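After the structure tokens below, expect a handful of questions from me.
The values are calculated or read from the model by the stated rules, or taken from the named source; none is laboratory data. Every value quoted in this text rests on a predicted model; they were computed, and no experiment measured them. So basically every Cβ, Gly included, is an ideal-geometry build from the backbone, and we count neighbours across all protein chains shown. Keep in mind that these areas ignore ligands, DNA and RNA; they rest on the heavy atoms of the full protein, side chains included. Shrake-Rupley method; radii C 1.70, N 1.55, O 1.52, S 1.80 Å.
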Amino acid sequence: MLYQWFQNITFHNPEALSLLFLIPIIAIWYYSNNKKRQGSMLVTTTHFLSDIRSSKTWFQNLPFVLRCIALVCLIVALARPQHKFSEQQTQGEGIDIVLCFDISGSMTEKDFTPNRLEAAKEVAQAFVNERTGDRIGVVIFSRQSFTLCPITTDKTTILSQIANIRSGYLEEEGTSIGSGLATSVDRLKNQKTKSRIIILLTDGVDFGGMIPPDIAKEMAKLYGIKVYTIGVGSEKEVDEQVQTPYGKVTSRKKLEFNEGLLKDIAAETGGKYFHAVDQDALKNVYASINKLEKSKVEVTSYDRFTEEFLPWLIAAFALLIFEVVLRYTVFKKFP
């Protein structure tokens, strides 16, 4: 909390802080002068004096230290620290977006780093950060579908929910693209914004579900919702570790991929189909969607400042008063 507070502190007269370099110079001058002022006498032995140091002797430099701290506080006050508050005013209309993630077992294939799903999450989070003024929701699906995050402008919540996505979050395994798409349409159908889009990310292998993909596609068309589909992965063979009674065995496995379904959904709803074979390609896909779907939003930033020099000024005067009291009471010198 204290770190965040200091992060928002600025100085109206930062050049005044250069005076802080005087403090070590004053300290060196004081120390050298103090050595010269100390009286001394020659004795044959001083061992009997080792135990007669009083607390007053130990703290004899305390008034000077207090004066230095007071000087630091005065210099900081002179620099006029200010607490900065940034405010944003948004004008115009954004886009309502649902990010629809396939979290089935096939999304854990490692043709991406570290796997398809983790790579998709990372790129989706970068996409969310770039969408200013838009409302975004998150839907996940395997054989079932679930709204992980309702439509909101709260980026912190959206990013947190995306980060929490895990394969197996929904107990039933399998892939029902129709269910995921239908749930996404349901989240958007009653929204009043002119532009509503779904970004459906999957490996494209549909094993059926409660709602067929064709029905979900017709629902999107009925409500005027565009669907951008992203096919993740490729039809190629990869090495897979298989546990057998004789230990782990490496076998070759062909990754399935069905572009036809995703192309059809995108074309019929006015969206566009993209194919991402690696993480860089996936980043380019989201960048392309970012350019295609522009928000008509103007964001005006305002900076508001509150003065914070008064506590430093009060501390400086309090330390100076304390230093004077000590100097003329506890540490008073008699001629």
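Which of the residues belonging to the range 147-199 are of a type in the set (Gly, Ala, Ser) and out of contact with any Pro (no Cβ under 8 Å at 6 or more places or on another chain)?
First, the residues of the range 147-199 that are of a type in the set (Gly, Ala, Ser): 160, 163, 167-168, 174, 176, 178-180, 182, 184, 195.
160, 163, 167, 168, 174, 176, 179, 180, 182, 184, 195 - these are the residues of the range 147-199 that are of a type in the set (Gly, Ala, Ser) and out of contact with any Pro (no Cβ under 8 Å at 6 or more places or on another chain).
Specify the residue that is farthest from residue 270 (Cα to Cα); the eligible residues are those in the range 184-206 that are surrounded by fewer than 24 Cβ atoms within 10 Å (Cβ to Cβ) and of a type in the set (Ser, Thr, Tyr).
Per the criteria, the residue is 193.
Turning to a different aspect of this structure: Under 6 Å between Cβ atoms, which residue pairs at least 6 apart in sequence (or on different chains) link something in the range 268-284 that is among the acidic types (Asp, Glu) with a partner that is in a helix (DSSP H, G or I) and crowded, with 18+ Cβ neighbours inside 10 Å?
Close Cβ pairs satisfying both conditions: 268/217.
So in the range 123-144, with the set limited to residues that are without any contact (Cβ under 8 Å) to a residue 40 or more places away in the chain and open to solvent by 10 Å² or more (accessible area, probe 1.4 Å), which one is nearest to residue 169 (Cα to Cα)?
125
Take the conditions under 30 Å from residue 62 (Cα atoms) and among the hydroxyl-bearing types (Ser, Thr, Tyr) and apply them to residue 329. Does it pass? Step through it out loud before you land on a result.
Values: under 30 Å from residue 62 (Cα atoms): yes; among the hydroxyl-bearing types (Ser, Thr, Tyr): yes.
When the stated conditions are applied, residue 329 passes them.
Output the number of residues of the range 246-270 satisfying the condition of being at pLDDT below 85, open to solvent by less than 30 Å² (accessible area, probe 1.4 Å) and touching a strand residue (DSSP E or B) at 6+ places or on another chain (Cβ under 7 Å).
Within the range 246-270, residues that are at pLDDT below 85, open to solvent by less than 30 Å² (accessible area, probe 1.4 Å) and touching a strand residue (DSSP E or B) at 6+ places or on another chain (Cβ under 7 Å) number 2.
To continue, here is another question. Out of curiosity, is residue 90 under 30 Å from residue 191 (Cβ atoms) and at pLDDT below 95? Break it down into steps so the answer makes sense when it comes.
Values: under 30 Å from residue 191 (Cβ atoms): yes; at pLDDT below 95: yes.
So residue 90 fits the description; yes.
Sort out which residues of the range 272-328 are among the basic types (Lys, Arg), under 32 Å from the mean Cα position of the chain (by Cα) and modelled with pLDDT under 85, and write them in order of number. Quick ask: steps written out before the conclusion?
Of all residues in the range 272-328, those among the basic types (Lys, Arg) come to 272, 283, 291, 294, 296, 304, 327.
Okay, now just the ones that are also under 32 Å from the mean Cα position of the chain (by Cα), so 272, 283, 291, 294, 296, 304.
The answer is 294, 296, 304.
Could I ask something else about it? Return only the number of the condition from (1) of a type in the set (D, E, K, R); (2) out of contact with any Phe, Trp or Tyr (no Cβ under 9 Å at 6 or more places or on another chain); (3) at pLDDT below 85; (4) loosely packed, with under 14 Cβ neighbours inside 10 Å that residue 235 does not satisfy.
It is condition (2) that residue 235 fails.
How many residues are of a type in the set (Val, Ile, Thr) and touching a residue at least 60 places away in the same chain (Cβ under 8 Å) when one looks only at the range 186-229?
First, the residues of the range 186-229 that are of a type in the set (Val, Ile, Thr): 193, 197-199, 202, 205, 211, 215, 225, 227, 229.
From what is left, the residues that are touching a residue at least 60 places away in the same chain (Cβ under 8 Å) are 193, 197-199, 202, 205.
Selection size over the range 186-229: 6.
Also, quick follow-up: With (1) open to solvent by 30 Å² or more (accessible area, probe 1.4 Å); (2) in contact (Cβ under 8 Å) with a residue 40 or more places away in the chain; (3) not small (Gly, Ala, Ser) as the list, and residue 172 as the residue in question, which single condition is left unmet?
(2)
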